[in-house]
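Engineer: Please read through the structure below; I'll follow up with questions.
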Amino acid sequence: MPDRQLTVGFGTFSELLIMAAEAEGYAVEMGLFPEGEPWPVLDHRPIAIFTLHRQTPRRDPLLDHILERHTNRTPFDLARSVSIQQLTAIRKATRKPERVHLNLEPGLATKIQDITMRAWDVWMISSPSTRLEVARVTHIGNTAIAAAPYGPYVSDTALKKAAGPITFETLSDPNSVQFKVNRTAYRRAIQTGLAHLWIVAPQFDRKGMFDAGRDWVRAHLQAIALGLDMEPHSQALQDFPEIVPYVDEMHNALGVSAPARIHMLGRIGYGSAVGPAPRLPVEAHLQS
């Protein structure tokens, strides 16, 4: 489904907006897809309309961790185990915990790793269109990042440490040294995922995508509060034809049958410290 991940992202943003507004003393009334769910792609129709009403301020403890929340793509520390108590606390922090599923069983963790890595190879090696798209939107160097502070990027510091030149050509060529280094680093990180979380919607619709985003950000914030890191695995949940077999395989591995659909899946563990990704200022997203 095109725009599935965008819809999940809108849900994530909306949950953060609601938490911030409540802390400032506003109750938030949200009208979701007030003109109907855009299908099969997002269009001009609004995703959500928010109406704010004054109330006594109410601060969600998760709000304190928003600026600490970053996707952590580093290998996780295998010497430090995630406990079922920690995973249970993460699930409990979500709005719809019955949709949040957890795993610490090694055999299933290995299956999740394997399917994810094979899906990545299709996404980034076997499918030129998606590989070129990722390379094309990657900002290389601090000057390019400053001009467009969003999306994938390679900082000047990373350029100096790279095994070879990083250019559009090397990022998009599966035979280049840099591409192979990136693939090896990605696989090394995925293979340290021993604890996983996934969010299931009861049916494949926009509301389920949106709700998954709201629950994902709450789970991630609770993980941060517990000193843990999270990385989403979107590779085997992508929406283009070449990935469909891996989407089906992942659903079968996790025991999810139609019409239910997994919208978020990720690993949880102890990663190295990472800083925030470049982002546009809030003013760039507002219209008067």
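Engineer: Please enumerate the residues belonging to region 177-191 that are buried (at least 17 other Cβ atoms within 10 Å of the Cβ), over 17 Å from the mean Cα position of the chain (by Cα) and modelled with pLDDT of 95 or more.
Structural biologist: Gln191 - this is the single residue of region 177-191 that is buried (at least 17 other Cβ atoms within 10 Å of the Cβ), over 17 Å from the mean Cα position of the chain (by Cα) and modelled with pLDDT of 95 or more.
Engineer: Has region 274-283 got at least one residue that is more than 11 Å from Trp198 (Cα to Cα), modelled with pLDDT of 95 or more and open to solvent by 30 Å² or more (accessible area, probe 1.4 Å)?
Structural biologist: No, region 274-283 contains no residue that is more than 11 Å from Trp198 (Cα to Cα), modelled with pLDDT of 95 or more and open to solvent by 30 Å² or more (accessible area, probe 1.4 Å).
Engineer: Which residue, of Thr130, Thr143, is open to solvent by less than 60 Å² (accessible area, probe 1.4 Å), at negative phi and out of contact with any Pro (no Cβ under 9 Å at 6 or more places or on another chain)?
Structural biologist: Exactly one residue qualifies, and that residue is Thr130.
Engineer: Further, regarding this structure: Select, from Tyr270, Tyr246, the only residue that is surrounded by 21 or more Cβ atoms within 10 Å (Cβ to Cβ) and not aliphatic (A, V, I, L, M).
Structural biologist: Among Tyr270, Tyr246, only Tyr246 is surrounded by 21 or more Cβ atoms within 10 Å (Cβ to Cβ) and not aliphatic (A, V, I, L, M).
Engineer: Asp239 versus (1) surrounded by 15 or more Cβ atoms within 10 Å (Cβ to Cβ); (2) in contact with a Pro (Cβ under 7 Å, 6 or more places away or on another chain); (3) not basic (Lys, Arg): which is the lone unmet condition?
Structural biologist: (1)
Engineer: Ala148: of a type in the set (Gly, Ala, Ser) and over 24 Å from Leu280 (Cα atoms), yes or no?
Structural biologist: No, not satisfied.
Engineer: So, one more: Consider Pro174 against the criteria (1) in a helix (DSSP H, G or I); (2) surrounded by 12 or more Cβ atoms within 10 Å (Cβ to Cβ): it satisfies all of them except one. Which criterion is unmet?
Structural biologist: Every condition holds for Pro174 apart from (1).
Engineer: Here is a follow-up. Against the condition closer than 23 Å to Phe13 by Cβ and surrounded by fewer than 22 Cβ atoms within 10 Å (Cβ to Cβ), how does Ser257 come out, does it pass?
Structural biologist: Taking the combined requirement at face value, the residue does not satisfy it.
Engineer: Count, please, the residues in region 44-80 that happen to be charged (D, E, K, R), modelled with pLDDT under 95 and more than 24 Å from Ala21 (Cβ to Cβ).
Structural biologist: The qualifying residues number 1.
Engineer: Restricting to region 101-128, give me the number of residues that are in contact with an Asp or Glu (Cβ under 6 Å, 6 or more places away or on another chain) and either among the β-branched types (Val, Ile, Thr) or at pLDDT 95 or above (or both).
Structural biologist: Counting residues in region 101-128 that are in contact with an Asp or Glu (Cβ under 6 Å, 6 or more places away or on another chain) and either among the β-branched types (Val, Ile, Thr) or at pLDDT 95 or above (or both) gives 2.
Engineer: Are there any pairs with C-beta distances below 9 angstrom linking a residue in region 111-137 that is more than 25 Å from Trp198 (Cα to Cα) and in contact (Cβ under 8 Å) with a residue 24 or more places away in the chain to a residue that is basic (Lys, Arg) and surrounded by fewer than 17 Cβ atoms within 10 Å (Cβ to Cβ), with the two at least 6 apart or on different chains, and if so which?
Structural biologist: Close Cβ pairs (under 9 Å, with a partner that is basic (Lys, Arg) and surrounded by fewer than 17 Cβ atoms within 10 Å (Cβ to Cβ)) amount to Ile125/Arg183.
Engineer: Shifting gears a bit: Looking at region 5-114, what strands (runs of 3 or more DSSP E) fall wholly within it and have at least 2 residues that are open to solvent by 40 Å² or more (accessible area, probe 1.4 Å) and farther than 24 Å from Ile224 by Cβ?
Structural biologist: It comes to 26-32, 48-54.
Engineer: Given (1) among the polar types (S, T, N, Q); (2) more than 30 Å from Leu16 (Cβ to Cβ); (3) in contact (Cβ under 8 Å) with a residue 12 or more places away in the chain, identify the lone condition not met by Asn142.
Structural biologist: (2)
Engineer: Let me ask something additional. Out of the residues in region 150-166 that are open to solvent by less than 50 Å² (accessible area, probe 1.4 Å) and not in a helix (DSSP H, G or I), which is nearest to Val134 (Cα to Cα)?
Structural biologist: Out of the qualifying residues, it is Gly151.
The values are calculated or read from the model by the stated rules, or taken from the named source; none is laboratory data. Only a predicted model underlies this, so the values are computations on that prediction, with no experimental measurement involved. Backbone-built Cβ (ideal geometry, glycine too); neighbour counts: all protein chains shown. Note: areas computed on protein heavy atoms with side chains; ligands, DNA, RNA excluded. Shrake-Rupley method; radii C 1.70, N 1.55, O 1.52, S 1.80 Å.
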